[in-house]
Amino acid sequence: MPNLPDINKQTLAGALATGTHGTGKNYTALHGAVTAMRLVMPDGKVRECSRDTDAELFHAARVGLGAFGVLSQVSLQNQPLARVRKVVRLIDTDEMLASWPARAGHHRNAEFLVLPFTGKSALITHDVTFDPVSPRGPDQDADTLMSLKRLRDLFEFTPGLRKTLASRLLADVPPEIAIDEGWKLLSNERPVRFKEMEYHLPIERQVEVLREVIRRIESSATDVFFPIEARIIAPDDAWLSPFYQRASGSIAVHAWYKDEHDWMFRLIEPVFREAGGRPHWGKLHSLGAKELALLYPMWAEAQAVRRSVDPQGRMLNPFLEKLFGHDRL
């Protein structure tokens, strides 16, 4: 596959349905590689669709949230296997934000994780290489997260001391380098459970919004210890894609699964919404049909297709009814 998402456990159908993506200036989300689909419709009939056959269904259902039918077969335009060099390095967050547009354009894949209350960010890049394989070592991300949690537990109410100690602990950490086929390095194990809100913003507003997100978390959400993730995604033409006709910069905030997460809606979502962000379909957000219709130029057309294929609302559940509106007949 041309690109892969961060987490390696999704099903292909679920990843396509929710607009799941990786990162890279020239790479679309996973559904951008779809050339044809076979759907089992709510009435039991099977329909084939592509750009040339049943094109409206194809454009509406490529990111379909499971609301248009059951995906039973999909054709993807893939690429030859490529070996990549993965580098993870720590950089001062101020420097990372200032240099992000240039860095993002310089690498095949680039993303970074802001480590709140540390002053540091982890830049992750992938670039094609012909160097000998040097496999990645044991996963250390979970151990790092738990170390950040211990710092939070001990110094939550003294953020200045917390940042000072974290900076010392993270000083002089050497880069991590691995070389292998892309499918072995682009996706990751994520054993620590968490809750997540991610919005996709116009690319030109990503850094500005991220600065405000960091400021709000570090001033008003001192229990947060999970990183803030920033990625970039190329535009596509799927009607319900968060990246429809727009190069996007995504920002994701996280909370440990046992921690409160109301701060996401109270502090962070208003910033995302003010910037014209579109929410990730598979993650936390508060938007309904009225708000979503303003964000998607082809919303009415997608709604018309959905009603035509599922007039009785068989594919809807309470969550999808909130997103699409109550359109059962």
Dmax and Rg, reported as Rg then Dmax, of the stretch 232-317 (C-alpha, Å): 14.9, 42
Here the residues of the stretch 20-55 lying in the modelled label zone of Glu301, meaning backbone nitrogen under 17 Å from a point 7 Å along Cα-to-Cβ, are 32, 49-55
What nm distance separates the two modelled labels at Asn78 and Ser220, each placed 7 Å from Cα along Cα→Cβ? 4.7
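Beyond 18 Å between alpha-carbons counts as too far, so tell me which of Lys25/Lys120; Lys9/Lys184; Lys86/Lys149; Lys290/Lys322; Lys25/Lys86 fall in that bin.
On the way: Lys25/Lys120 23 Å; Lys9/Lys184 13 Å; Lys86/Lys149 26 Å; Lys290/Lys322 9 Å; Lys25/Lys86 16 Å.
Lys25/Lys120; Lys86/Lys149, as the Cα separations exceed 18 Å there.
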For the pair Glu208 and Gln245, the simple spin-label estimate (label points 7 Å beyond Cα toward Cβ) gives in nm 2.2
Rg and Dmax in Å for the stretch 5-104, alpha carbons only: what are they? 17.6, 56
Taking the Cα atoms of the stretch 83-279, report the difference between the largest and smallest coordinate on each principal axis, in whole Å and largest first. 49, 41, 30
At a Förster radius of 51 Å, what calculated FRET efficiency corresponds to the Cβ-Cβ distance of Glu156 and Ser308, to the nearest 0.05? 0.45
Give the residues of the stretch 66-88 whose amide nitrogen is closer than 12 Å to a point set 7 Å from the Cα of Leu320 in the direction of its Cβ. 66-71
Under-5 Å amide H pairs with Tyr27, H placed in peptide plane, nonlocal only: Ala234
Of the chain, which part is the longest with no chymotrypsin sites (Phe, Trp or Tyr not before Pro) in a loop (DSSP not H, G, I, E, B) and with at most 16 other C-beta atoms within 10 angstrom? 1-129
Can you list the trypsin sites (Lys or Arg not before Pro) in the stretch 170-275 that are in a DSSP coil and have 12 or fewer other beta carbons within 10 angstrom? Arg193, Lys258
Contour minus Cα-Cα span, Arg89 to Arg193, at 0.36 nm per residue, comes to 35.1 nm
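Can you pull the semi-axes for the chain, root of five times each eigenvalue of the Cα gyration tensor, sorted largest first, whole Å?
Equivalent ellipsoid semi-axes, largest first: 35, 24, 17 Å.
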Tilt of helix 206-220 relative to the longest C-alpha principal axis of the chain, in degrees (0 to 90, nearest 10)? 60
Rounded to whole Hz, the Karplus (6.51, -1.76, 1.60) HN-Hα couplings of the stretch 291-304, x for glycine and proline: 6, 5, 4, 7, 9, 10, x, 9, 4, 4, 5, 5, 4, 5
Taking all pairs of different Cα atoms in the stretch 181-329, averaging 1/r and flipping that mean, what Kirkwood radius in angstroms comes out? 16.9
In sequence order, calculated HN-Hα J values of the stretch 270-286 (Karplus, 6.51, -1.76, 1.60; Hz; x Gly/Pro): x, 5, 4, 5, 4, 7, x, x, 10, x, 5, 5, x, 10, 5, 6, 10
Going residue by residue through the stretch 309-320, the Karplus relation 6.51 cos²θ - 1.76 cosθ + 1.60 with θ = phi - 60° gives ³J(HN,Hα) values, rounded to whole Hz and with x marking Gly or Pro, of 8, 9, x, 8, x, 5, 8, 8, 10, x, 5, 5
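Coordinate-derived values only; no laboratory data. As the structure is a computational prediction, the values presented were derived from the model and not from experiment. For neighbour counting, all protein chains shown are included, and Cβ atoms are generated from backbone atoms with ideal geometry for every residue, glycine included.
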